[in-house]
Amino acid sequence: MGASMEEPQFSERVEMPVAEPVLESQALRYYRLSLMTLRLMSSYVSVVCRLLAAAYHAILRNRAVIVSGIMAVIGVITKGALYMYVPPKKMEPLLRTLGGAAPHPTPPAIELPPQPEKSVHCDVLHDPGPNNRQMDVIFIHGLKGSLERTWTQGMWELKGRDNGGRILLRKSSSASSINTLQISEVHRQSSESNLATVCKNVDCNGHSDGKVVSQIDQRERDREVSRCWPRDWLPQDCPGARVIALNYTTDPYLWRPVWINKRCRTSMSERAWEMMHHLSELGVGEHPIVWVGHSKGGLFVKQMLVHACSSSDPKMAAISKESRGILFYSVPHRGSPLANLNLPLLRQSIELTEVQKDSAEVTALHDKFRGLLDSNQLTVEVRSFIETTLTLMSLVYVRIVSVESADAEIGELYGVPIDHRNICKPRSRNCFLYRELLSLIESVTTERQS
């Protein structure tokens, strides 16, 4: 019992079989390595592309800074090399030749305001020559007009209108009587139903011979439509007159969208001075002058005469002294209500603000013009045409110049039942719109001869 119990001992150990390693085939090994390489390359390419994209965007955002930095580094390196190998006396001329900066810092350049656009040019439509020249007839168009757009031969018709006759008002009262058409102020020359084909013969002295022409002269009908009647007709009827056209550009946006920058343009007063310099270079002022203005062109006529009367330059003063007659084709002497129109997201150009109804500019100009006439500093014969019908603008009919505004308060007034665009476009050389100009020219010529 006392014997100790001993653990059983095993003489033999049981060994577990060890699995033999699976040998990797050569093709599988190459596939695994190729896959790992492609993953690493794609990761590398992705990182490089992101870095390039970030650098590209950074360059776009700061390209001015980067370019200036690169140029500064190149400049420092170039200057350092030059200082090492070039004598100091020759350094500054060499730097100027290479476009580098001088050793001493230069002050920053002062940014000048933009210069106003030059907008006036002058065309001589006919010149009989210095020996045959007796007078100058000067034409000025209105806003959005041009030489051939404003002064083209008219193609208008007045059919179907009962009150189609022109009305002559011998000026002796204010514009209020024009609207009421008082019998004492009105003389109907004709009750024409069609001004294009029925008109009175008016000779160059302004007297009617009482003969009613039933149709336009056959020679006028067969002739081609004139693209510029002052150029084509006046040399035939007034061979001693030099015909001049003053043309000016207009802002392409009379109402400019707010997101388009405003152009730098001169005022009417400044453009009038520019026109006078053109005329002075042509020698205008050596012979009698007859002015013809359509719409805002008539305001330029008055502005030039105001400038000429106040100028100390003898050439400019001669323009006012030799002015003998003015023919106004629907000129807004007191502005146009259309120019006061405010539209959303649009702002008015300087051309419109200058002709707003009862604006300070047009009122002051007309007061100065009347003051020159009243004080006899300016002696001219004035005749005016007034549009009595509405003008089609896009889809609506509007009155561009009212009767009151077209009244110059001096001379003769003619009411014509055509619109604003066509009132300066005679149908033919027999048309009253043209014959009245010939009458004015003849009156000026007769006065000079007497």
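Give the residue, chosen from L372, L352, that is closer than 19 Å to S269 by Cα and touching a Cys at 6+ places or on another chain (Cβ under 8 Å). The unique qualifying residue is L372. Of the set (1) closer than 16 Å to G297 by Cβ; (2) open to solvent by 60 Å² or more (accessible area, probe 1.4 Å); (3) of a type outside the set (S, T, Y), all apply to P337 but (1).
Which one of E111, E148 is within 35 Å of the chain's Cα centre (by Cα), loosely packed, with under 15 Cβ neighbours inside 10 Å, at pLDDT 60 or above and farther than 25 Å from S320 by Cβ?
Values: E111 fails: at pLDDT 60 or above.
Only one candidate passes the filter, namely E148.
When we screen E436, E409, E404, E447 for residues that are within 16 Å of H333 (Cβ to Cβ), in a helix (DSSP H, G or I) and of a type outside the set (S, T, Y), the only hit is E404.
Check whether at least one residue in the range 382-389 is among the polar types (S, T, N, Q), closer than 24 Å to L305 by Cβ and in a strand (DSSP E or B), and report yes or no. So far as the range 382-389 goes, yes, one or more of its residues are among the polar types (S, T, N, Q), closer than 24 Å to L305 by Cβ and in a strand (DSSP E or B).
For the range 412-424, give me the residue count where each residue is part of a loop (DSSP other than H, G, I, E, B) and buried (at least 24 other Cβ atoms within 10 Å of the Cβ).
The initial filter retains those residues of the range 412-424 that are part of a loop (DSSP other than H, G, I, E, B), namely 417-424.
Of the ones still in play, those that are also buried (at least 24 other Cβ atoms within 10 Å of the Cβ) are 418, 420, 423-424.
Residues flagged as part of a loop (DSSP other than H, G, I, E, B) and buried (at least 24 other Cβ atoms within 10 Å of the Cβ) within the range 412-424 amount to 4.
The values are calculated or read from the model by the stated rules, or taken from the named source; none is laboratory data. This is a predicted model, so every value here is computed, not measured. Neighbour counts are summed over all protein chains in view; Cβ atoms, including those assigned to glycine, are modelled from backbone coordinates with ideal geometry. The accessibility values were calculated without ligands, DNA or RNA, using every heavy atom of the protein model including side chains. Shrake-Rupley method; radii C 1.70, N 1.55, O 1.52, S 1.80 Å.
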